[in-house]
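Each remark here refers to the structure printed beneath this line.
The values are calculated or read from the model by the stated rules, or taken from the named source; none is laboratory data. Every value quoted in this text rests on a predicted model; they were computed, and no experiment measured them. All Cβ positions, even for glycine, are placed from backbone atoms using ideal geometry, and neighbour counts span all protein chains on display.
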Amino acid sequence: MAFSPDGQCLASAEGSSFVLRETTVSPEMQQRREANALVADLFEQVGLRADVLERLRTAHGLSPAVRREALAVAQAYVANAFTLNVFARERVRLPGAEMSGYRNALSCSEEACRLEPQNGDYLNTLGAAYYRVSNYELALATLLRSEEINQPQSQGSMPAALAFLAMTRHHLGHPEEAKAELQRLRERMKDPRWAQDGKAQGFLREAEALLAEPETPGGK
C-alpha cells in the first residue's frame, strides 16, 4: 500500500489493484506523508541513520516544518537488515568503485549482521565488503562463516562466496588454495541455476582475471 507523491491517492494491490481517491488532505497529513516518503527514500540511498540525518539537515528546498518532521521520523526509523544488506551488496558487487562507497557499504553490512548475525547471505555481503576495503583476514573468516551457514541451505556454495574466497586467498598469498576455490567456482557455474546468472558470471570473470596475475604473497 502506498500514497501517490501528491498525497491524494492511496493504491493497494492484492491479487488485483485499485485506487482510493481522497477528497481532502490536511496540510499536516500532507507534511507527514512528504516527510515519511523522503526518509524512506534516503534510507534506500545512503543506508545509515547518521548519513540520512546529515542529508536532512543540509538538504536545500525543504520547508522548516517538513525538515523537522523528517528528522523526527529518521530518528525513530527502525533499521531494516534486509534493506541494509541490499544497499551494501549492490555497492560491493563490482570492482573499481570509490573506496568511500565501499566503506559506507561495509558500515551498512556490519549493521545488517549486527541485527541478524546468523544470516549467511548478510555475512557473505560482509565478507565481500571486507575484501573491497582490503581487510583480507576478516574477509576470509567472514566468508568461511557464511559458507558454513549457506551450504546446507543452498545445496552448495554461492558463486559470490567462492569468488571472494578465491580472491581473498590470492591476496593472502595462498595460491594453491585460491586456485582450488576458483575451480570450485567453475564447477558451481555448471549448475543451471547459475550458468545464466549475470552477476555470478561477473564474479567468475573477476576471480579469473585476478588469479591470472602473478601471486603477491603477504596479503595487504
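Considering segment 140-158 alone, what residues qualify as being over 23 Å from Gln201 (Cβ atoms) and buried (at least 21 other Cβ atoms within 10 Å of the Cβ)? Explain how you work it out, then say what you get.
Filtering segment 140-158 down to residues over 23 Å from Gln201 (Cβ atoms) leaves 140-142, 144-145, 148-149, 152.
Hits for segment 140-158 are Leu140, Thr142.
Specify the residue that is surrounded by the most Cβ atoms within 10 Å (Cβ to Cβ); the eligible residues are those in segment 86-135 that are in a helix (DSSP H, G or I) and touching a residue at least 60 places away in the same chain (Cβ under 8 Å).
Residues of segment 86-135 that are in a helix (DSSP H, G or I), as a first pass: 86-92, 99-115, 120-132.
Restricting the remaining residues to those that are touching a residue at least 60 places away in the same chain (Cβ under 8 Å) gives 107-108, 111.
Working: Ser107: 17, Cys108: 28, Glu111: 21.
That would be Cys108.
Take the conditions of a type in the set (Gly, Ala, Ser), in the same structural domain as Ala105 (by TED's automatic domain parsing) and within 19 Å of Ala105 (Cα to Cα) and apply them to Ala163. Does it pass?
yes
Of everything in segment 40-59 that's assigned to a loop (DSSP other than H, G, I, E, B) and touching a residue at least 40 places away in the same chain (Cβ under 8 Å), which residue is surrounded by the fewest Cβ atoms within 10 Å (Cβ to Cβ)?
By that ranking, first place goes to Leu48.
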